[in-house]
Amino acid sequence: MSSATKTNHPYPDISLTLIPPTPVTDQIILDIRGAIRNATDSAKRYQAAIYFDAETPASLLHSARMEIGPHSAAGIACKVPTQGHAGIHGIVMVVRSDADTWRQQQQIEILASKERSTRRLGGAWVDLLHHSIEEGKPYNSELRQMTDSQWRELIQAMHAVEQNIVVITATVLPNRAPNDVFPDKHKFETDGYHGNSLYPSRLHPDRVPLGSDDPLETIFDEADRLGMHVMPGVGWYELFNYSPASLEWHKRVADELWQRYGHHASFYGWYVSEEAKAGLGSAREREDMVEFFREFTPYCHCLAPDKPVMLAPGLWPSRDLRGAEDAYRKVLPHVDILCPFAFYRIWRPGMTGEEASDMLESLCKETGCHFWMDEETFDVWKTADDKIGLVPRGIDGIKNDFERFTNFEKILHYSFAGMMCSPTMSRKPGGEPAVQLYLDYQRYLERLRAAAGPIK
């Protein structure tokens, strides 16, 4: 057991994770992962099997026998092409040990398509509080006051428009403001890291004042009820910082998040909040990143073998992408999901957004990394006191991105809180512009569903 607090909630005996989760198109490879946990004081032998639709020999995708030590977990995994399987299906995992049998099933909707993309938002980042006083000024005051019932309303609003993956941007903030997370503003190596947590943390007992004592627990609980997925952000330490000290900090926070929230069925994986530069930085920064993910991802997989680790790099300056291929080849084998952002903001010199997406898709296929997109649903504007603020983007630009960038397995967006807001929510971060974008996207999704026709 680590130094983090173990909750009284038992972890599930088995868990099943689909990467990406429903819906997907029939142009991808579905990654099916399962985990088996032995909570006893002695080693046990298990027989595990994964089926497509029916628990029959003809539908068997993969099976394995394994011995799992006491208080340990092991994984089972397979990949299956979705081509030729348009429709609604069930992925079934069955595990047997002695007289015990466990089953878990996940539904997957496979859309007939000529491209990898579903052309819809499958989930979103959610700021419990935006890290920058300037950028978050248009909506941070609302986020600070969100109660448990209002966080539930936000999760329900996401579910209503099929944005069923919730990525928590960060769970800890350095205790210096504004712009705490940006590089060159700290001396962590000499002064140590001092953070304020956005959840009840024993690692960082100093809290960011919020209207909910534990918004993460509320979000997980509501996501459990609705069958959604939550990826807590392990961060922030400092943007672009993947030093050995950052690695050790991330391991401690990931462990505490798992100990505290890992019993939730909606716990989907870990998001590393630190982001990355387009070219992954200097030679030293690239070396740090390789070593970070070489150690961090297996550490998380020891806690939960089926849960992915996601990295979201920005694509500026785009000229740095060219020549960075070998650096990506070294990092991506240790990352489960690459989810880059800022494609529509790429300009020359460098490469176009389409060229960047093609290059990164090729590298992901080469290294076995999943390729998702972080769509930007915000615009940047100047506030009355000449500061930068984030406001909702227009639906036309978002739809244009769907048409331009079609080679992603899944599209998430930054962000829901502050950029989209259901008119039924009692507190509305982002105000009327966020309500308008939500309604515009809802109408777009309804038209998309109607054009596709009934699911068979």
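The values are calculated or read from the model by the stated rules, or taken from the named source; none is laboratory data. Source: prediction; values computed, not measured. No Cβ is skipped: glycine too gets one built from the backbone with ideal geometry, and neighbour counts run over all protein chains shown.
Pairs are defined by a Cβ separation below 8 Å, a sequence spacing of at least 6 or placement on different chains, a first member in the stretch 77-100 that is assigned by TED's automatic domain parsing to the domain that holds Thr40, and a second member that is assigned to a loop (DSSP other than H, G, I, E, B) and at pLDDT below 95; the pairs so defined are Ala86/Lys456; Gly87/Ile455; Gly87/Lys456; Ile88/Ile455; Ile88/Lys456.
Of the residues making up the stretch 424-456, those that are surrounded by fewer than 13 Cβ atoms within 10 Å (Cβ to Cβ) and either within 30 Å of Ser141 (Cα to Cα) or of a type outside the set (A, V, I, L, M) (or both) are Thr424, Ser426, Glu432, Arg443, Glu446, Arg447, Gly453, Pro454, Lys456. Candidates Glu222, Glu189, Glu153: the one that is acidic (Asp, Glu) and more than 29 Å from Gln442 (Cα to Cα) is Glu189. Annotation: Leu311 fulfils all but one of (1) touching a residue at least 60 places away in the same chain (Cβ under 8 Å); (2) within 27 Å of Asp180 (Cβ to Cβ); (3) buried (at least 23 other Cβ atoms within 10 Å of the Cβ); (4) touching a strand residue (DSSP E or B) at 6+ places or on another chain (Cβ under 7 Å); the unmet one is (1). In the stretch 277-302, the residue that is surrounded by the fewest Cβ atoms within 10 Å (Cβ to Cβ) out of those that are part of a loop (DSSP other than H, G, I, E, B) and out of contact with any helix residue (DSSP H, G or I) (no Cβ under 7 Å at 6 or more places or on another chain) is Ser282. Picking from residues in the stretch 166-185 that are at pLDDT 95 or above and in contact with a Pro (Cβ under 7 Å, 6 or more places away or on another chain), the one that is nearest to Leu210 (Cα to Cα) is Thr171. Taking the conditions exactly as written (among the acidic types (Asp, Glu) and either at pLDDT below 95 or crowded, with 23+ Cβ neighbours inside 10 Å (or both)), does Glu248 satisfy them or not? Judged against the criteria, Glu248 is not a match. Scanning the stretch 113-161 for residues being among the acidic types (Asp, Glu) and over 20 Å from Phe378 (Cβ atoms) gives a total of 3.
Quick check: anything in the stretch 210-232 assigned by TED's automatic domain parsing to the domain that holds Phe182, farther than 21 Å from Glu153 by Cα, at pLDDT 95 or above and surrounded by 21 or more Cβ atoms within 10 Å (Cβ to Cβ)? No.
Would you pick out the residues in the stretch 253-287 that are in contact with a His (Cβ under 6 Å, 6 or more places away or on another chain) and either within 18 Å of Val335 (Cβ to Cβ) or outside the structural domain of Pro340 (by TED's automatic domain parsing) (or both)? Matches in the stretch 253-287: Tyr268 only. Note on the stretch 201-249: residues that are in contact with a strand residue (DSSP E or B) (Cβ under 6 Å, 6 or more places away or on another chain) and small (Gly, Ala, Ser) total 2. Restricting attention to the stretch 138-157, report how many residues are surrounded by fewer than 19 Cβ atoms within 10 Å (Cβ to Cβ) and either in a loop (DSSP other than H, G, I, E, B) or not assigned by TED's automatic domain parsing to the domain that holds Gly233 (or both). Selection size over the stretch 138-157: 2. Selection of the stretch 158-213 for residues being outside any loop (DSSP other than H, G, I, E, B) and either more than 16 Å from Trp249 (Cβ to Cβ) or touching a residue at least 60 places away in the same chain (Cβ under 8 Å) (or both) yields Met158, His159, Ala160, Ile165, Val166, Val167, Ile168, Val172, Leu173, Pro174, Arg207.
Exactly one residue among Thr101, Thr147 is at pLDDT 95 or above, among the hydroxyl-bearing types (Ser, Thr, Tyr) and within 30 Å of Leu60 (Cα to Cα), and that residue is Thr101. I'd like to know if the stretch 411-427 contains one or more residues that are in contact with a Lys or Arg (Cβ under 8 Å, 6 or more places away or on another chain), part of a loop (DSSP other than H, G, I, E, B) and under 29 Å from Ile337 (Cα atoms). Scanning the stretch 411-427, I find at least one residue that is in contact with a Lys or Arg (Cβ under 8 Å, 6 or more places away or on another chain), part of a loop (DSSP other than H, G, I, E, B) and under 29 Å from Ile337 (Cα atoms), so the answer is yes.
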